[in-house]
1. Hey, what D do you get for the chain in µm²/s if you plug the Kirkwood alpha-carbon radius into Stokes-Einstein at 20 °C and 1.002 mPa s?
2. Based on alpha-carbon centroids, what's the gap between the range 216-270 and the range 382-460 in Å, whole number please?
3. Going by how many other beta carbons lie within 10 Å of each one, how would you line up 607, 37, fewest first?
4. Of 177, 116, how do they rank once you tally other Cβ atoms within 10 Å and put the fewest first?
5. In whole percent, what relative contact order does the chain give with Cα contacts below 8 Å and a gap of six or more residues?
6. What distance in nm lies between label points placed 7 Å from Cα along the C-beta direction at residue 66 and residue 400?
7. Below 8 Å, C-alpha to C-alpha, sequence gap of six or more: please give me the relative contact order for the range 211-303 in percent.
8. Return one number: the angle in degrees, 0 to 90 and rounded to the nearest 10, between the long axis of the Cα atoms of helix 3-32 and the longest principal axis of the Cα atoms of the chain.
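A short reminder: the numbers here are calculations on the coordinates, not readings from a lab. It should be emphasised that the depicted structure is a prediction, and the values quoted were computed from it without experimental measurement. Please note: Cβ atoms are built from the backbone with ideal geometry, for glycine as well, and neighbour counts cover all protein chains shown.
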């Protein structure tokens, strides 16, 4: 036999062996293709028409479920082929698995999660389902070329179950199925409470065999200070969820562990406490519940030499110099630290390194001390430095100066200056027109944001509220008071008409001013309780009275009534008088008289019987605001002037008698 003949014979034997293996594998697949069937379909009534799913059951043991897959044919549009392939797992005879479109509503309806989810299960009651094995259709529900609406297999908002425990070889017959009828589940919330629930929804999800692959070093050894770090990742599936990174060169000693890991990529981020020397580790990933489940191909991790680094503190700087925050002073000092303990102090080097502030567990890099000095404060300077509180030799070394400003008590010049606890009827309703006035007696504006009034009422002054130097701000009980124009309103509660203690507190809750009033003054008489900075009280006119309580004084006042004198024969002039007007001034105003337009009083002028003629003026004056008056009316007298009359002049009282 020649050499060429030998080669030809060998190649023929290889081809025969390949064909034998291929035919054997195909025969094995073909032999299992009759072991899974479509046991039922489901179209639920919950939101979005969920849950949707297909139940597949085994009528024989299936060692590898991955030979099967399925697809949906929507609305008679024909096959979409195999859209979902089952993962490699074993399913025993009599066991079933659900493939659903989603999990939450499936669980709500059935009380358990589906074994698998897939968009191919996004089906309505009129769609067809194809089960494939090895790429061929072995079972069919419905007609892939017909929209099932109104067909015998329509199960909209319902279900269908297979009466046989076998495939139909791709030939569908409605007689082999039981149907709930369309809309059978409408109005139901769960399968357990549904009148026509799916009859046997139970499933047994197969256990996927543990697999660990693609073990690789994603971040090789690097120094972090004295320590070395590295990261190793792997792809896991079907395992316990708890995995170890092991040193294969040291009897699989555990280097790091992860717990409760989901299938997919997992990563071990490892830190070796330094100092370290250069070395190499051979590592692998192992399921710590199943030692047979291991990556199998160790990878090398290069550990670098990471020597001890010396603690250093540099660049100590004042980044924010002293500033006032309310009564308090605050400042910020920062520094760069390397290889320290992580715990650092800001110290006052002018006071035997007294600790001003402390930071702990700080990583290398820039650290900052945010310091607050409770106020009030006076102007001062501090010489500060940063110190490792575990190593007093590790200190910045160049002190910096912090300037502390003067921060007086915020609100010290603010006090309650006026209270109206029971306004009079002319001012308005008690529940609408009560008020409190705050005064700033200082020479600078004060921001009272966050200040509160408590006890009798409650109110928090909003952000941005400021009282100018020497100014005031009013707080009213309601926005419905026409007599007063309040700066802010409303407050909660009401001022009592008997006795009350009112407190003014700053934004931190500290009391600034307290005043107590009783009902002995300013009780419904249109006045107010005035308060001075020493908390003494007195009665005073309302400072918020803008004249809106005065009546309409646009018309001229009613004129006085004058009866002129006469001259009887042989006698002096007699009979003249000045009387009050026939009508009076409007309510809440008073009538006044004058003969010269300058001097006004409430007393009637006396009629001069023998002259000269008098101009009697009248006007109405607002009771609550004397600056508001009506136009004046004028009446001129005509006294008698009779010949032969004596020099004697008779006067008459205001009533003319």
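1. Values: Rh = 37.6 Å.
Translational diffusion coefficient: 57 µm²/s.
2. What the calculation gives is 56 Å, centre to centre.
3. Details: 607 24, 37 21.
With the sparsest Cβ surroundings first, the list reads 37, 607.
4. Taking fewest neighbouring Cβ atoms as first place, the list is 116, 177.
5. Working: 1680 pairs, mean separation 40.3, N = 657.
About 6 percent, as a whole number.
6. 6.2 nm
7. Details: 236 pairs, mean separation 32.8, N = 93.
Averaging sequence separation for qualifying contacts and normalising by length gives 35 percent for the range 211-303.
8. Between helix and principal axis, roughly 50 degrees.
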